[in-house]
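Novice: Input: one structure, supplied below.
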Amino acid sequence: DGFLHPLTGLDHVLAMVGVGLWAALLASRKPSAIFLLPVAFVVMMACGAAAGFAGMKLPIAEAGILASVFLLGGLVLVAVRVAAPTAMGVVAMFAIFHGYVHALEAPTADTGEYMLGFLAATALLLGIGAGLGWVVRRLVGDLGLRALGGLILAGGAYILVTQ
């Protein structure tokens with residue numbers, strides 16, 4: 001259940017792939033960014049999930065998730081390059097929302113196993129985004145990567161219109 005959960009929500013998929021794409025963009029100047037952003041996301045996602053499992057309240061979590069899709073798509077679309085610690089802070093903030101919502105939607109089964117599952121799926125999606133971004137950037141340059149950011153942004157618009 002945990003592994004499949006992030007794969008079944010378009011908002012989660014777009015945000016996580018968006019983090020990977022932004023990491024690939026930032027890696028052009030800071031190669032370690034391709035690893036730092038996904039690690040920051042996974043760590044803070046686990047913290048958000050722990051808060052959710054502990055019963056803490058985060059009333060704007062769904063809005064934060066949708067905002068993450070728009071912001072990450074926009075950051076890639078306009079090729080925003082910031083220092084890796086700043087980028088890590090941005091993705092960490094949104095990861096808290098994603099982890100929190102995963103915890104709220106957890107079945108009553110083993111929460112530890114569920115959490116490991118959605119963290120593994122998240123890492124996979126982050127890796128897909130980073131790998132896709134790296135390949136596209138190598139093949140067609142920043143313009144191709146920026147176009148993928150536009151697709152993330154369009155996906156966010158689709159979610160907003162259909163909800």
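Novice: For the chain, what % of the accessible area comes from carbon and sulfur atoms, probe 1.4 Å? Please list the in-between numbers first.
Specialist: Numbers: 5490 of 7570 Å².
Heavy-atom surface of the chain belonging to carbon and sulfur, 1.4 Å probe: 73 percent.
Novice: Expressed as an acute angle from 0 to 90° and rounded to the nearest 10, what is the orientation of the C-alpha long axis of helix 33-53 relative to the principal long axis of the chain?
Specialist: Taking Cα atoms only, the helix is inclined about 20 degrees.
Novice: Loop only by DSSP, 11 or fewer other Cβ within 10 Å of the Cβ. Give me the trypsin sites (Lys or Arg not before Pro) in the range 45-142 that pass, ordered by residue number.
Specialist: Details: sites: LYS57, ARG81, ARG137, ARG138; in loops: LYS57, ARG81.
Within the range 45-142, the qualifying trypsin sites (Lys or Arg not before Pro) (loop, at most 11 other Cβ atoms within 10 Å) are LYS57.
Novice: How tilted is helix 10-26 with respect to the longest principal axis of the chain? Cα atoms for both, answer in degrees (0 to 90, nearest 10).
Specialist: The answer is roughly 40 degrees.
Novice: Using only helices, what value at 222 nm comes out for the chain when you add -39,500 (n - 2.57) per DSSP H run of length 4 or more and divide by the total residues, to the nearest 500 deg cm²/dmol? If you can, show how the numbers build up before the last one.
Specialist: Details: 6 runs with 127 residues, N = 163.
Here the helix-only value at 222 nm equals -27000 deg cm²/dmol.
Novice: Another question about this same structure. With +1 assigned to the C-beta of every Lys and Arg and -1 to the C-beta of every Asp and Glu, and no other charges, what is the dipole magnitude of the chain about the Cα centre in debye, to the nearest 20?
Specialist: Numbers: 7 positive and 7 negative charges, 158 e Å.
In debye, rounded to 20, the chain gives about 760.
Novice: Please list 139-146, 25-32 highest first by mean number of surrounding beta-carbon atoms within 10 Å per residue.
Specialist: 25-32, 139-146
Novice: Please give me the summed charge of the neighbours of LEU75: other residues whose Cβ is under 11 Å from its Cβ, Lys and Arg +1, Asp and Glu -1.
Specialist: +2
Novice: Set Lys and Arg Cβ to +1 and Asp and Glu Cβ to -1, take the dipole of the chain about its Cα centre, and tell me which of GLY64, ALA54, LEU21 lies farthest positive.
Specialist: LEU21
Novice: Here's something else I'd like to know. Quickly work out the ASP110-to-ALA157 label distance, labels modelled 7 Å from Cα along the C-beta direction, and quote it in nm with one decimal.
Specialist: Those two pseudo-labels are separated by 4.5 nm.
Novice: According to the square roots a ≥ b ≥ c of the eigenvalues of the Cα gyration tensor, what is the shape class of the range 1-151, taking rounded for a/c under 1.5, prolate for a/b larger than b/c otherwise, and oblate for the remainder? Numbers along the way, then the final one.
Specialist: Working: a/c = 2.05, a/b = 1.88, b/c = 1.09.
Note, shape of the range 1-151 comes out prolate.
Novice: Moving on to the next point. Compute the long axis of helix 111-140 from its Cα atoms, compare it with the longest principal axis of the Cα atoms of the chain, and write down the angle in degrees, 0 to 90, nearest 10.
Specialist: 10
The values are calculated or read from the model by the stated rules, or taken from the named source; none is laboratory data. Given the structure is predicted, the values throughout are model-derived calculations rather than measurements. As a convention, Cβ positions derive from the backbone with ideal geometry for all residues, glycine included, and neighbour counts pool all protein chains shown. Side chains included, ligands, DNA and RNA excluded: accessible areas come from the protein's heavy atoms. Shrake-Rupley method; radii C 1.70, N 1.55, O 1.52, S 1.80 Å.
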